[in-house]
Amino acid sequence: MPRVIEGNLLGTGKRFAIIAGRFNHFITDRLVEGALDTLVRHGVQDQDITLIRVPGSFEVPMAADRAARSGRYQAIICLSTLIRGDTPHFEYIAAETTKGIANSSLSTGVPIAFGVLTTDTIEQAIERAGTKAGNKGAQAASAALEMANLYEQLNQP
Ligand code: INI
């Protein structure tokens, strides 16, 4: 049998930051609720969760990078909602947000979960914010828990 290393979902004693965009907050607020519920039900204490609000998706990686560099958090959860409009605006912001989050996670060594909705319609966003397609915020929180635990193991000699 090979040695298998994988993270569990226990959050006790770990600190998390949630970065949430205010744009389309009607949807993103549901993602925040899903993320908070998942963290708390996996043992994370209220006082170990920091919610950081930013104007929109474009600013999410900027705040995530600062939070990661602070050294305070074992993982960070990025939540925002991009809904396609009639112009290329959506593509530019979606590309920068995605790249920014990935780059920051790799360069800081802190796991940063991607809970950014990128949808064509409001209906698709609602489906992913706690209705028929689940809750992307809860999924991102679960990924953050797993990666925080995985990194803890990978840091051991
Ligand atoms: N921000 C979003 O989070 N979602 C969107 O759908 C969106 N649209 O469509 O414009 C959006 N724009 C704001 C952007 O993220 C920045 O906050 C703004 O450009 C200021 O830098």
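For the residues Phe58, Phe26, Phe90, a 1.4 Å probe over the protein chains yields an accessible-area ranking, largest first, of Phe26, Phe58, Phe90.
When Leu36, Leu10, Leu82 are compared by accessible area of protein heavy atoms, the largest-first order is Leu10, Leu36, Leu82, using a 1.4 Å probe.
In percent, how large is the relative contact order of the chain, given Cα pairs closer than 8 Å and 6 or more residues apart? Relative contact order of the chain: 33 percent.
Think of a 1.4 Å ball rolled over the protein heavy atoms: the chain then has 55 Å² of accessible area per residue. The label point for Leu9 and the one for Ile122, both projected 7 Å from the Cα toward the Cβ, are 3.2 nm apart.
Which of these, Lys14, Lys99, Lys136, has the largest mean-square fluctuation under a Gaussian network model of the chain (Cα springs below 10 Å)? Taking springs between Cα atoms under 10 Å, the residue moving most is Lys99. Counting heavy atoms of the protein chains alone, Tyr151 has an accessible area of about 70 Å² for a 1.4 Å probe. When shorter helices are ignored and each DSSP H run of at least 4 residues is given -39500 (n - 2.57), the per-residue value for the chain at 222 nm works out to -15000 deg cm²/dmol.
Can you give the local net charge around Val110? Use residues other than it whose beta-carbon is closer than 13 angstrom to its beta-carbon, Lys and Arg +1, Asp and Glu -1. After counting each charged neighbour, the total is +3.
Modelled label positions at Leu106 and Leu51, each set 7 Å beyond Cα in the direction of Cβ, lie 3.2 nm from each other. Each 10 Å bin from zero up to the one holding the largest Cα-Cα distance in segment 16-150 carries the following percent of pairs: 14, 48, 32, 6, 0. Solvent exposure of Arg15, expressed as accessible area, is near 80 Å², computed with a probe of 1.4 Å over the protein chains only. In segment 16-150, the portion of solvent-accessible area held by carbon and sulfur atoms comes to 54 percent [1.4 Å probe, whole percent, DNA, RNA and ligands not counted].
Shown are Met62, Met147, Met1, whose ranking by accessible area with a 1.4 Å probe and every protein chain present, most to least, is Met1, Met62, Met147.
The values are calculated or read from the model by the stated rules, or taken from the named source; none is laboratory data. Remember, it's a predicted structure, so these values are computed and weren't measured experimentally. Cβ coordinates were reconstructed from backbone atoms using ideal geometry, including for glycine residues, and neighbour counts include every protein chain displayed. Remember, those area values only see protein heavy atoms, side chains included, never the ligands or the DNA or RNA. Shrake-Rupley method; radii C 1.70, N 1.55, O 1.52, S 1.80 Å.
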